[in-house]
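Enquirer: Here you go, one structure.
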Amino acid sequence: GDIIVDSISTLDLSLEDGSSFIGVINGENEAKEINITLDSNSTLILKGDSYITSLNDADSSYSNIVFNGYKLYVNGVAI
């Protein structure tokens, strides 16, 4: 599913212990703040361009993120 956060809301999302998220995060780029923590055993699978404020990924190569041709923008910069 998709995560939608409005302009007055924040989200702290932690993916741990082999968990995964499949979808779009803040696709309209309207959220006040979204912070994601991702351990090396968990996976983020994008289904559209996504916009977050910060990313704390235990895997500095981002191999646990499946981009599927989309972009993940962290504080305005695509990774």
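The values are calculated or read from the model by the stated rules, or taken from the named source; none is laboratory data. None of these values were measured; they are calculated from a predicted model. We place every Cβ from the backbone using ideal geometry, glycine too, and count neighbours over all the protein chains shown. The accessibility values were calculated without ligands, DNA or RNA, using every heavy atom of the protein model including side chains. Shrake-Rupley method; radii C 1.70, N 1.55, O 1.52, S 1.80 Å.
Enquirer: Just to confirm, what accessible area per residue do you get for the chain at 1.4 Å probe, in whole Å²? Present the calculation step by step, with values, prior to reporting the outcome.
Expert: Numbers: 4550 Å² over 79 residues.
Roughly 58 Å² per residue, with all protein chains present.
Enquirer: If you don't mind, there's one more thing I want to ask. Using alpha carbons only, how many angstrom separate the centre of the stretch 1-39 from the centre of the stretch 61-79?
Expert: Their Cα centres are 13 Å away from one another.
Enquirer: Quick check: at a probe of 1.4 Å, how many percent of the accessible area of the chain sits on carbon and sulfur atoms? Don't skip to the end; give the middle numbers.
Expert: On the way: 1960 of 4550 Å².
So the carbon and sulfur contribution to the accessible surface is 43 percent.
Enquirer: TYR62 to GLU28: FRET efficiency via 1/(1 + (r/R0)^6), r the Cβ-Cβ distance, R0 22 Å, to the nearest 0.05? Working shown, then result.
Expert: Details: r = 23 Å, r/R0 = 1.06.
So the FRET efficiency works out to roughly 0.40.
Enquirer: What full-extension length gain, to one decimal in nm, is calculated for ASP2 and VAL77 as 0.36 nm per residue of separation minus the Cα-Cα distance? It would help to have the intermediate numbers written out before the result.
Expert: Details: separation 75, 0.36 × 75 = 27.00 nm, distance 2.06 nm.
Between ASP2 and VAL77, full extension yields 24.9 nm more.
Enquirer: Okay, moving on. Place a +1 charge on the Cβ of each Lys and Arg in the chain and a -1 charge on the Cβ of each Asp and Glu, then give the dipole magnitude about the Cα centre in debye, rounded to the nearest 20. Mind dumping the intermediate values first?
Expert: On the way: 3 positive and 12 negative charges, 48 e Å.
Value, rounded to 20: 220 debye.
Enquirer: Obtain the radius of gyration and the Kirkwood radius of the chain from its C-alpha atoms and give Rg over Rh.
Expert: Working: Rg = 11.4 Å, Rh = 12.3 Å.
In the chain, Rg relative to Rh is 0.92.
Enquirer: Determine the order of TYR70, TYR51 by accessible area, beginning with the largest, at a probe radius of 1.4 Å. Walk me through the intermediate numbers first.
Expert: Values: TYR70 95, TYR51 55 Å².
Descending accessible area places them as TYR70, TYR51.
Enquirer: Applying the Karplus parametrisation 6.51 cos²θ - 1.76 cosθ + 1.60 with θ = phi - 60° to the phi angles of the stretch 54-71, what ³J(HN,Hα) value in whole Hz is obtained for each residue in order, glycine and proline being reported as x?
Expert: Per-residue couplings from phi come out as 8, 9, 10, 10, 5, 9, 5, 8, 6, 5, 8, 10, 9, 7, 6, x, 9, 10 Hz.
Enquirer: Under 5 Å between amide H atoms, partner at least 5 residues away or on a different chain: which partners does VAL66 have, H built in plane at 1.01 Å?
Expert: LEU44, ILE45, LEU46
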